[in-house]
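The values are calculated or read from the model by the stated rules, or taken from the named source; none is laboratory data. Here the structure is a predicted model, which is why all the values come from computation and not from measurement. Here Cβ is always computed from backbone atoms with ideal geometry, including for glycine, and neighbour counts include all displayed protein chains. SASA here: full protein model, heavy atoms, side chains in, ligands and nucleic acids out. Shrake-Rupley method; radii C 1.70, N 1.55, O 1.52, S 1.80 Å.
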Amino acid sequence: MPAALRPMTPADMAAVLRLERELFGDEAWSRAMLAGELAQQPRNRHYLVAEDNGIVAGYAGLLAAGAQGDVLTLAVAGDRWGQGTGSALLAALLAEAARRGCAEVFLEVRADNARAQQLYRRYGFTQIGIRRGYYQPSGADALVMRKQMEPGAGRLTPDGGSQ
């Protein structure tokens, strides 16, 4: 059973940064980067954590600007792989992108991360390009992927409801 999802708060920073370092090493986001992202919620950012018995098992973030969304990060603790946590996080980000009226959602994923690529393809993302040397300091390439959202899905109505 996937962990419960909830909005990320500044109180989650230590746990998220621990996972970030564990999973991404030298390419991990810094405390300042994460704090800057959280400061932009809910205006144009949406960050979630997956929590299981008080432990952060994963996290994800979305940038929504106009008709475009970008999955900024998605990570799951290694001991939670294959349990649906990544799928739950991605589905929640896509639902938020639809709610905010995004017509398309983009992301970058390491070219050598077949597991993540498989998840994104299951959710309708297709590769549209490569960013050479995108990840630093390793210089690893990133695949650029895009998902076309359903027209009108989840758009907010003037009264605050959804269509």
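Could you check how many residues of segment 113-151 are open to solvent by 70 Å² or more (accessible area, probe 1.4 Å), in a loop (DSSP other than H, G, I, E, B) and modelled with pLDDT of 95 or more?
1
Please tell me if residue 49 is modelled with pLDDT of 95 or more and in contact with a Ser or Thr (Cβ under 9 Å, 6 or more places away or on another chain).
Judged against the criteria, residue 49 is a match.
Among the listed residues 62, 17, identify the single one that is surrounded by 15 or more Cβ atoms within 10 Å (Cβ to Cβ), in a helix (DSSP H, G or I) and of a type outside the set (Asp, Glu).
None of the other options fit; the residue is 17.
Among the numbered conditions (1) more than 18 Å from residue 22 (Cα to Cα); (2) more than 13 Å from the chain's Cα centre (by Cα), tell me where residue 51 comes up short.
In the conditions (1) more than 18 Å from residue 22 (Cα to Cα); (2) more than 13 Å from the chain's Cα centre (by Cα), residue 51 misses (1) alone.
How about segment 27-42: which of its residues are outside any loop (DSSP other than H, G, I, E, B), open to solvent by 40 Å² or more (accessible area, probe 1.4 Å) and hydrophobic (A, V, I, L, M, F, W, C)?
Passing the criteria: 32, 33, 35.
Looking at 6, 18, 80, 45, which one is touching a helix residue (DSSP H, G or I) at 6+ places or on another chain (Cβ under 7 Å) and not hydroxyl-bearing (Ser, Thr, Tyr)?
45
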